[in-house]
1. Out of all the residues in the range 1-30, which are closer than 17 Å to Ala72 by Cβ and not in a helix (DSSP H, G or I)?
2. Within the range 1-60, can you find the residues that are free of Cβ contacts under 8 Å to residues at least 40 places away in the same chain, among the small types (Gly, Ala, Ser) and within 18 Å of Phe71 (Cβ to Cβ)?
3. Considering the range 61-77 alone, what residues qualify as being in contact (Cβ under 8 Å) with a residue 12 or more places away in the chain and of a type in the set (A, V, I, L, M)?
4. Restricting attention to the range 31-71, which residues are exposed (fewer than 15 other Cβ atoms within 10 Å of the Cβ), small (Gly, Ala, Ser) and either touching a helix residue (DSSP H, G or I) at 6+ places or on another chain (Cβ under 7 Å) or assigned to a helix (DSSP H, G or I) (or both)?
Amino acid sequence: MKIFTAAFIQVAMVAANTVFISKGHIAGMIFCSFGINWIWSHNVRKTAFGSESDRIWYAAGATTGCLTGFFATKLIL
C-alpha cells in the first residue's frame, strides 16, 4: 500500500501541475514541481528494484493519482 500511495501522490501532483501550467498558476506550479521531484527521489529505488507486484501497485496508484489530480484542480480553479 505504501508504493500505491507514493505513486498516487506523485502523479496527482503531475496532473495538477499540468493544469496549473496551462492556467499560469505560479504558486501551484512551484508547490507541485517541488513535490513531484521530492517524491520521485524516494520512489525511484522502490520501483527499480521492486517486484512485479510492486510495479503493478505503483502503476495503479499513478493511474488513480492522475484522475484525482485532474479533478482536484478542476475544483481549485
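1. Residue satisfying the conditions is His25 alone.
2. Selection gives Ser22, Gly35.
3. Of the range 61-77, the ones in contact (Cβ under 8 Å) with a residue 12 or more places away in the chain are 61-70, 72-74, 76-77.
Matches in the range 61-77: Ala62, Leu67, Ala72, Ile76, Leu77.
4. Once the filter is applied, which keeps residues that are exposed (fewer than 15 other Cβ atoms within 10 Å of the Cβ), small (Gly, Ala, Ser) and either touching a helix residue (DSSP H, G or I) at 6+ places or on another chain (Cβ under 7 Å) or assigned to a helix (DSSP H, G or I) (or both), the range 31-71 yields Ser41, Ala48, Ser53, Ala60.
FYI, it's all coordinate maths here, none of it is from the lab. In this text, all values refer to a predicted model and were calculated from it rather than measured experimentally. Here the Cβ is made from the backbone with ideal geometry for all residues, glycine too, and neighbour counts use every protein chain on show.
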